[in-house]
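Student: Have a look at the structure that comes next, please.
The values are calculated or read from the model by the stated rules, or taken from the named source; none is laboratory data. Owing to the predicted nature of the structure, the values given are computational and were not obtained by experimental measurement. With ideal geometry, Cβ positions are generated from the backbone for all residues, glycine too; neighbour counts draw on all protein chains shown.
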Amino acid sequence: MKRLTRLTLALTLAFGLIAGGCATAPQTDMTADDMVKEARKNICEITVAEAKEILDGGEYLFIDCREPKEYKMGHVPGAINIPRGLLEFKIDKKVPDKNQNIVMYCKSGGRSCLSTCTLCRMGYKNVKSLGGGWKAWEKAGYPID
């Protein structure tokens, strides 16, 4: 009987993992907005005016984490494009120095907030997120490539 119970448990766990399930239950049910709010507590978010000063200083790399089509429609001068969905896979090749000064931005600030949190978790030490994102940059009338 014990052997049957262990086998049943093992098969249940294996099936759950194979079928895409999770062996442990999620801690909470979070929406995308909840995730952004949580990430925002743990990152450095800067204003568009601060981002412009940083750009003028030239010591930061700007990373646009929007999709390539969005990036092609206009971006911060000198910014590179690494979409949020590929960030973890491409960042170490594009930015191998984990001490690099980085400003992340997206359309309105949500994706860049999550991306900034991700980079910090990956060991990048000097990452900031542009609050308000591309929309705030455009609205301020700052330069566009």
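Student: Please enumerate the residues belonging to region 28-66 that are part of a helix (DSSP H, G or I), more than 18 Å from residue 124 (Cα to Cα) and of a type outside the set (A, V, I, L, M).
Tutor: Matches in region 28-66: 33, 34, 37, 38, 50, 52, 53, 56, 57.
Student: Same structure again: Looking at the structure I just gave you, is residue 54 in contact with a Phe, Trp or Tyr (Cβ under 7 Å, 6 or more places away or on another chain) and either closer than 19 Å to residue 135 by Cβ or at pLDDT 95 or above (or both)?
Tutor: So residue 54 passes the test.
Student: Quick one: in region 109-131, which of the residues that are in contact with a strand residue (DSSP E or B) (Cβ under 9 Å, 6 or more places away or on another chain) and among the small types (Gly, Ala, Ser) is modelled with the lowest pLDDT?
Tutor: 109
Student: Suppose we filter region 63-74 for residues that are buried (at least 19 other Cβ atoms within 10 Å of the Cβ) and either in contact (Cβ under 8 Å) with a residue 12 or more places away in the chain or at positive phi (or both); how many remain?
Tutor: Number satisfying all stated conditions: 4.
Student: Take region 121-145 and flag every residue that is surrounded by fewer than 17 Cβ atoms within 10 Å (Cβ to Cβ), within 18 Å of residue 90 (Cβ to Cβ) and in contact (Cβ under 8 Å) with a residue 24 or more places away in the chain. Outline the logic, then answer.
Tutor: Our first condition is that a residue be surrounded by fewer than 17 Cβ atoms within 10 Å (Cβ to Cβ); within region 121-145, this holds for 121-123, 125, 135, 138-145.
Keeping just the survivors that are within 18 Å of residue 90 (Cβ to Cβ) gives 121-123.
Residues satisfying the conditions are 122, 123.
Student: Any idea which of (1) modelled with pLDDT of 95 or more; (2) part of a loop (DSSP other than H, G, I, E, B) is the one residue 69 doesn't satisfy?
Tutor: With respect to (1) modelled with pLDDT of 95 or more; (2) part of a loop (DSSP other than H, G, I, E, B), residue 69 is out only on (2).
Student: Which one of the conditions (1) buried (at least 17 other Cβ atoms within 10 Å of the Cβ); (2) within 14 Å of the chain's Cα centre (by Cα); (3) part of a helix (DSSP H, G or I) does residue 85 fail to meet, given that it meets all the rest?
Tutor: Of (1) buried (at least 17 other Cβ atoms within 10 Å of the Cβ); (2) within 14 Å of the chain's Cα centre (by Cα); (3) part of a helix (DSSP H, G or I), only one is false for residue 85: (1).
Student: Taking region 88-108 as the search range and keeping residues that are of a type in the set (Val, Ile, Thr) and either touching a strand residue (DSSP E or B) at 6+ places or on another chain (Cβ under 6 Å) or part of a loop (DSSP other than H, G, I, E, B) (or both), which one is surrounded by the fewest Cβ atoms within 10 Å (Cβ to Cβ)?
Tutor: First, pick out the residues of region 88-108 that are of a type in the set (Val, Ile, Thr): 91, 95, 102-103.
So of that shortlist, the ones also either touching a strand residue (DSSP E or B) at 6+ places or on another chain (Cβ under 6 Å) or part of a loop (DSSP other than H, G, I, E, B) (or both) come out as 95, 102-103.
On the way: 95: 17, 102: 22, 103: 24.
The extreme case among them is 95.
Student: I would also like to ask the following. What do you reckon, is residue 77 of a type outside the set (D, E, K, R), free of Cβ contacts under 8 Å to residues at least 24 places away in the same chain, surrounded by fewer than 18 Cβ atoms within 10 Å (Cβ to Cβ) and under 18 Å from residue 60 (Cα atoms)?
Tutor: The answer is no for residue 77.
Student: May I pose another question? Against the definition (without any contact (Cβ under 8 Å) to a residue 60 or more places away in the chain, surrounded by 14 or more Cβ atoms within 10 Å (Cβ to Cβ) and outside any strand (DSSP E or B)), how does residue 111 come out, yes or no?
Tutor: Against the criterion (without any contact (Cβ under 8 Å) to a residue 60 or more places away in the chain, surrounded by 14 or more Cβ atoms within 10 Å (Cβ to Cβ) and outside any strand (DSSP E or B)), residue 111 qualifies.
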